[in-house]
Amino acid sequence: MSIDPRLIRILTVDDHPLLRKGIAALVNAESDMKLVAEASNGKEAIEQFRLHRPDITLMDLQMPDLDGIEAISCIHGEFNNARIIVLTTYTGDVQVVRALKAGARGYVLKGHVHRQLLETIRAVHAGQKRIPPEIAVELADHAADDELTSREIDVLRLIAAGNANKQIADQLAIGEATVKSHVTNILSKLGANDRSHAVTIGLKRGIIEL
């Protein structure tokens with residue numbers, strides 16, 4: 001059975017079947033939309049995108065077998081006109097920036113699906129970009145911040161895992177003095193009072209994950 005070409009054809013990608021079911025019900029109740037495919041991880045998302053070429057893809061970020069940001073990057077690299085909306089629980093500005101750099105055009109928090117999803121789908125389908133106001137504020141708050149280097153992120157991740165400076169030095173094969181220097185930079189860049197405060201900020205902003 002062919003689908004009316006005027007409908008917005010949607011692919012939903014999430015590893016939670018219940019959430020996919022809820023989105024399917026929400027989307028299919030609309031006269032101008034149709035769910036055409038589902039995927040439960042980033043790898044499946046790429047396969048389903050190639051197969052169905054949806055108008056809009058709703059992409060979770062945290063998934064097994066290839067996360068959302070990698071999947072967005074792969075799809076966008078192959079189909080640069082892909083219109084992808086991130087659907088996530090993460091509000092951290094660093095996650096948002098990564099998703100947008102990878103090629104996402106919209107961002108919806110799972111807690112606001114009923115309020116924002118349909119409007120965001122229509123806006124992105126029409127060629128607009130959509131970011132919720134609370135996330136836009138978070139982005140603006142950190143726009144002038146110095147980004148952590150990849151090495152500083154490694155150090156912060158190891159601090160979060162409970163490692164002392166000596167253990168971090170051993171694991172990264174660098175000197176303990178270098179680790180101390182990285183920690184000083186991390187605290188300064190994140191505006192953190194101490195190591196545990198830096199970990200809290202890192203998790204909240206999506207710089208690291210546990």
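Are any of the residues in the range 146-168 in a helix (DSSP H, G or I), within 22 Å of A71 (Cβ to Cβ), modelled with pLDDT of 95 or more and hydroxyl-bearing (S, T, Y)?
no
Could you grab me the full set of residues in the range 181-199 that are loosely packed, with under 14 Cβ neighbours inside 10 Å and part of a helix (DSSP H, G or I)? Write out each step before concluding.
Looking only at the range 181-199, we keep the residues that are loosely packed, with under 14 Cβ neighbours inside 10 Å, and these are 184, 188, 191, 193-194, 196-197.
Selection gives T184, S188, S196, H197.
Surrounded by fewer than 16 Cβ atoms within 10 Å (Cβ to Cβ), closer than 30 Å to V137 by Cα and not hydrophobic (A, V, I, L, M, F, W, C), is that true of T12?
Details: surrounded by fewer than 16 Cβ atoms within 10 Å (Cβ to Cβ): no; closer than 30 Å to V137 by Cα: yes; not hydrophobic (A, V, I, L, M, F, W, C): yes.
No: the conditions fail for T12.
If you go through the range 117-138, how many residues are without any contact (Cβ under 8 Å) to a residue 40 or more places away in the chain, under 8 Å from G106 (Cα atoms) and outside any loop (DSSP other than H, G, I, E, B)?
Here the count works out to 1.
So, of the residues in the range 91-129 that are among the small types (G, A, S) and buried (at least 18 other Cβ atoms within 10 Å of the Cβ), which turns out to be farthest from G77 (Cα to Cα)?
Quick first cut of the range 91-129, residues among the small types (G, A, S) only: 92, 99, 102-104, 106, 111, 123, 126-127.
From what is left, the residues that are buried (at least 18 other Cβ atoms within 10 Å of the Cβ) are 92, 99, 102-104, 106.
Numbers: G92: 24, A99: 13, A102: 9, G103: 9, A104: 12, G106: 17 Å.
Here the answer is G92.
So if I check each of N28, N80, which one is in contact (Cβ under 8 Å) with a residue 12 or more places away in the chain and surrounded by fewer than 17 Cβ atoms within 10 Å (Cβ to Cβ)?
Numbers: N28 fails: in contact (Cβ under 8 Å) with a residue 12 or more places away in the chain.
The unique qualifying residue is N80.
The values are calculated or read from the model by the stated rules, or taken from the named source; none is laboratory data. Since the structure is predicted, the reported quantities are computational estimates derived from the model, not experimental observations. Note that we place each Cβ from the backbone using ideal geometry, even for glycine, and neighbour counts take in every protein chain shown.
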